[in-house]
Amino acid sequence: MRGILLTVLLLALLAPVGLLAEQQPQVTAQDVYDYINYTLEVSAQTRAVLLQAFHKGFEEGALAPERALSFLRRVNASGAPIELREQVLLTIADALLKSVPVEMLLSKVEEGLAKGRPMDEILAEIQERKLTLEGVKALFESKGFRAGIELQIGSATLTLSVELTGLVITDVAGALEDYVRSGKDPTDSFAVYQEVLLRLQRDRSIPPMLTEWVGANIRPEELGRIAQEIAARLREMR
Amino acid sequence: MNEPKFDDYLREGLRQGVEGQLHHLEGLEERVLEKLAERALRRGRWSKLWRPFLIPVARRPALALATTAAVFLIIGLFLGMGLGGPSLGGGKGVWFVVAYPEAQSVTVAGDFNSWTDTPLKRGKDGIWTVRLDLKPGRYEYSFKINGEKWVPDPRADEYVKTYGEQLNSVIYV
């Protein structure tokens, strides 16, 4: 009886230790730099750009080291020609250096790799989407929407974080891309505007007051212009 | 003269009242004992299980400590296992369900797991399910059948085109 009691007691004491050991060790920015320096198969020039870009991304809180490392490993292990891999990584690096949100781009690369799409197709996909993200970011910044500022909406005030600005820009860019790719009319600015607002409304990670701000500050024709640019790029790609 | 007569009437009335109720008292003692025995029998089955825990701590401190430890161990294991589903961010539990009776394997990949395969479990009648913990947000995903064929989720909130004419499913959490 005493033996059983001691065993149960020992198991209970060791369980938290076991659970902690089961968790992945925390990935640091240094782990990512080490991977870029010693493991990633890229030229010295590309390596320097990647180091600079990922450092900026970590500093700004645009990307977590764990996410970056898993992405780099995935691209490195893809088996695609090294030039194409470099181009994909440089596209991401350019976005990081311009403070453009990268989550949509990372996800599209991972999706393409998972579905076995050729790397040149993946590259074209993210280059096109990156231009949309840049366009949306420029439009929103021209209206004073940027990380760190306080937005006044009615009587309420909201301080914009890097994460929140990234989510809004990504949602708007994604809604524009999906609208055009589904074959809808990009010249119908009001329909484009409604699609964007609907996307923001449905995404519960976006505070409703931000959707309100977009509705009040971004004009339908401004979103329509970006939708038409997407349509033109997609025509060129086909 | 009148007072003794009144007392007699009162006494006679009470006697008749008690005698009228005597039949209720017949076998009362046996009936009470029988009920008490029934209760003791009902409680006996469970009390055997509970008895060790009801012993004062001072008499069995090791047992009390071990019991407490076992309870914490079970709770800890449940928390560690994410209460029955893979955790991808510690959010709301979302069920992914698809019917593929002939499939050998079904996985789901999407924005929530960096497009890596999370296996679904086959249930009765070929219904495949998995529960994932997702933070609020919008997620694109797709099912993969037998490790090769990508198919959209018939229960998705919406669908979007991706990589040419392929369709991704979308879920809002």
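Coordinate-derived values only; no laboratory data. Keep in mind that this is a model prediction, so the values were computed, not measured. Please note: Cβ atoms are built from the backbone with ideal geometry, for glycine as well, and neighbour counts cover all protein chains shown.
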Take the cross-link list B:Lys124/B:Lys149; A:Lys56/A:Lys184; A:Lys184/B:Lys121; A:Lys56/B:Lys144; A:Lys56/A:Lys115; A:Lys115/A:Lys143 and give me the ones stretching past 28 Å between alpha-carbons. A:Lys56/A:Lys184; A:Lys184/B:Lys121; A:Lys56/B:Lys144; A:Lys56/A:Lys115; A:Lys115/A:Lys143
Would you mind ranking A:Arg117, A:Arg146 so that the residue whose beta carbon has the fewest other beta carbons within 10 Å leads the list? A:Arg146, A:Arg117
Overall Cα dimensions of chain A - principal axes, largest extent first, Å: 78, 51, 31
Nearest-0.05 FRET efficiency for A:Glu41 and A:Ser155, computed from C-beta distance (R0 45 Å): 0.25
Using the C-alpha atoms of region B:86-172, what convex hull volume per residue, in cubic angstrom, is computed? 89
Straight-line reach from B:Lys35: which aspartates and glutamates have Cα under 20 Å away, leaving out those fewer than 8 places along the same chain? B:Glu26
Step through the residues of region A:196-207 one at a time and calculate ³J(HN,Hα) from phi using the Karplus curve (6.51 cos²θ - 1.76 cosθ + 1.60, θ = phi - 60°), rounding each to whole Hz and writing x for Gly and Pro. 5, 5, 5, 4, 5, 5, 6, 7, 6, 7, 9, x
Per-residue Cβ counts within 10 Å, from other chains only, averaged over A:176-183: what number is that? 3
For each of A:Ser142, A:Ser107, count neighbouring Cβ atoms within 10 Å of the residue's Cβ, then give the residues from fewest to most. A:Ser142, A:Ser107
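With an 8 Å cut-off on Cα pairs and a minimum separation of 6 or more residues, tell me the relative contact order of region A:27-99 in percent.
45
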Collect residues whose amide H, placed 1.01 Å from N in the peptide plane, falls under 5 Å from the amide H of B:Val94; neighbours closer than 5 in sequence don't count. B:Leu132, B:Asp133, B:Leu134
Could you grab the relative contact order for chain A? Cα pairs under 8 Å, six or more apart, rounded to a whole percent. 15
By how many nm would the segment from A:Arg233 to A:Glu83 lengthen if fully extended, with 0.36 nm per residue of separation less the alpha-carbon distance? 51.7 nm
Partners for A:Lys108 among aspartates and glutamates (Cα-Cα distance below 12 Å; same-chain residues under 8 apart left out): A:Glu121, A:Glu125, A:Glu128, B:Asp111, B:Glu140
Given only helices, namely DSSP H runs of n ≥ 4 each adding -39500 (n - 2.57), what is the per-residue ellipticity at 222 nm of chain A, to the nearest 500 deg cm²/dmol? -24000 deg cm²/dmol
Mind listing the phi-derived Karplus ³J(HN,Hα) values for region B:119-133, rounded to whole Hz, using 6.51, -1.76 and 1.60 with θ = phi - 60°, and x for any glycine or proline? x, 9, 9, 6, x, 4, 6, x, 8, 9, 9, 7, 10, 10, 8
Give me B:Thr162, A:Thr159 sorted ascending by neighbouring Cβ count inside 10 Å, so fewest comes first. A:Thr159, B:Thr162
Pop out the ³J(HN,Hα) list for region B:92-103 in order, Karplus 6.51 cos²θ - 1.76 cosθ + 1.60 with θ = phi - 60°, rounded to Hz; leave Gly and Pro as x. 7, x, 10, 8, 9, 10, 8, 9, 9, x, 8, 6
Count, for each residue of A:100-109, the Cβ atoms from other chains sitting within 10 Å of its Cβ, then give me the mean as a whole number. 2
Where does region A:131-238 land on Rg(C-alpha)/(2.2 N^0.38 Å)? 1.04
